[in-house]
Amino acid sequence: MKQGLDLTDCVATSTRSVTIQTAAARGTVIALANPTGYYGRPAPFVAQGGATGVMVAFANIETPAAGKSKVLRLKSSFDNGATWTDNIGPPGITDTFGVVQSRTVAVDDNDDMSCLQVPGTGTVLCVFRNHSVTGEGGPATRYRITLHRSTDYGKTFAWTATIFEWDAARDPNANPPQAANARNGLYQPFLNNWTLSPYRSTGPRRLAQPT
């Protein structure tokens, strides 16, 4: 078995539990990265020392001391997706991935995370939506796409830049009210070959266009 999940063979990732499917499996879930996480996005990962694997970025609902929060995390696999770990390397490496970002759901909506490792380095870049909201599940008041960076293979992360940011524009014709701020929404940032492609909603139906 080759070391590291071959992402060229990956055909699907589940958005409501972090799972990976491959062309060989065709409809069969072959790996479960995190049963309570969702919106998983895989990317190649090379650990310190050179072991080749895959990392999966995902969001997880947790309840720390600050209250119910959405926590952005990473997991890795170094055995072709058979097992997943919080460690930033194969067995023998005990350092674990740090939290990319954590926000209470009552005031913020952070999700849609996409991460890439800078080849030949320990730098991991993660972009995600980072919106201000009016209560859990409520409409957004301000939209953001945020970049966090790690220089130690994901052990620690820090804010690096706010790539996009603007106030939410209300749509007086939106129904239900939860869609009232969808006119100029900003979602789904995706890092692909070092090109950032966020999506902006274009109306109450939340149609999307690359920006």
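Please report, in cubic angstrom per residue, the volume enclosed by the convex hull of the alpha-carbon atoms of region 121-165.
Hull volume normalised by residue count: 72 Å³.
Show the residues, 5+ positions off or on another chain, whose built amide H is closer than 5 Å to the amide H of Ala168.
Excluding prolines and chain starts, which carry no amide H, the hits are Arg142, Tyr143.
First obtain the Kirkwood hydrodynamic radius of region 59-168 from its Cα pairs, then insert it into the Stokes-Einstein equation at 10 °C and 1.306 mPa s, and state the resulting D in µm² per second as a whole number.
The estimated diffusion coefficient comes to 106 µm²/s.
Mind listing the long-range amide H neighbours of Phe190? Cut-off is under 5 Å, sequence gap 5 or more, other chains count too, H placed in the peptide plane at 1.01 Å from N.
For Phe190, whose amide H was placed from the backbone, the distant partners under 5 Å are Ser197.
Coordinate-derived values only; no laboratory data. Fair warning: this is a prediction, and the values are worked out from it, not measured in the lab.
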